[in-house]
1. Run down Phe20, Phe81 and say which single residue is within 14 Å of the ligand (Cβ to nearest atom), of a type in the set (Phe, Trp, Tyr) and closer than 27 Å to Ile6 by Cβ.
2. Is there a residue in region 41-51 that is exposed (fewer than 13 other Cβ atoms within 10 Å of the Cβ) and small (Gly, Ala, Ser)?
3. Going through Asp80, Asp19 one at a time, which residue ends up being touching a residue at least 40 places away in the same chain (Cβ under 8 Å) and not small (Gly, Ala, Ser)?
4. Filter region 23-60 for residues that are among the aromatic types (Phe, Trp, Tyr) and more than 25 Å from Thr77 (Cβ to Cβ) and give the result.
5. Report, by residue number, each residue of region 65-80 that is in a helix (DSSP H, G or I) and more than 13 Å from Glu47 (Cα to Cα).
6. Take region 27-75 and flag every residue that is in contact with a helix residue (DSSP H, G or I) (Cβ under 9 Å, 6 or more places away or on another chain), more than 12 Å from the ligand (Cβ to nearest atom) and touching a residue at least 60 places away in the same chain (Cβ under 8 Å).
7. Suppose the filter is touching a Gly at 6+ places or on another chain (Cβ under 6 Å), of a type outside the set (Val, Ile, Thr) and either farther than 16 Å from Val93 by Cα or at pLDDT 95 or above (or both); does Asp23 pass it?
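The values are calculated or read from the model by the stated rules, or taken from the named source; none is laboratory data. All values derive from a computational prediction rather than experimental measurement. Positions of Cβ are backbone-derived with ideal geometry, glycine not excepted, and every protein chain shown enters the neighbour counts.
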Amino acid sequence: MKLDAITIEKNLLHLPDWDFYEDALHAEFEFDNFKDCFSAMSRIAFECEAQNHHPNWSNTYNILKISLSTHDAGGVTLKDFKLAEAIEAIVEVED
Ligand SMILES: C[C@H](O)[C@H](O)[C@H]1CNC2=NC(N)=NC(=O)C2=N1
């Protein structure tokens, strides 16, 4: 179920790397180099498969940009927060 903006902002209080706009959650992470960035992306990819929930993302050298939304629901759902939390746990270890 698509969450309303107030609920999303409340849930974002404990995810300071993430912003809500254009009906999605967005974050940008910077690593020391491409290898560290791609290593984090690999770990994230396995988590996405486990959750059957997939990001829109882009990588340029050491920068990873991620957008999360639930296409079926046309906005942000608890699935996006669950994945964002898993990504945080992975990135915290990596960088
Ligand atoms: C069939 C499969 O369950 C769906 O296509 C899943 C897969 N991954 C998904 N990922 C995201 N981000 N949104 C979805 O709606 C979605 N749907």
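1. Exactly one residue qualifies, and that residue is Phe81.
2. yes
3. Among Asp80, Asp19, only Asp80 is touching a residue at least 40 places away in the same chain (Cβ under 8 Å) and not small (Gly, Ala, Ser).
4. Phe31, Phe34, Phe38
5. Leu78
6. Ala27, Phe29, Glu30, Phe31
7. yes
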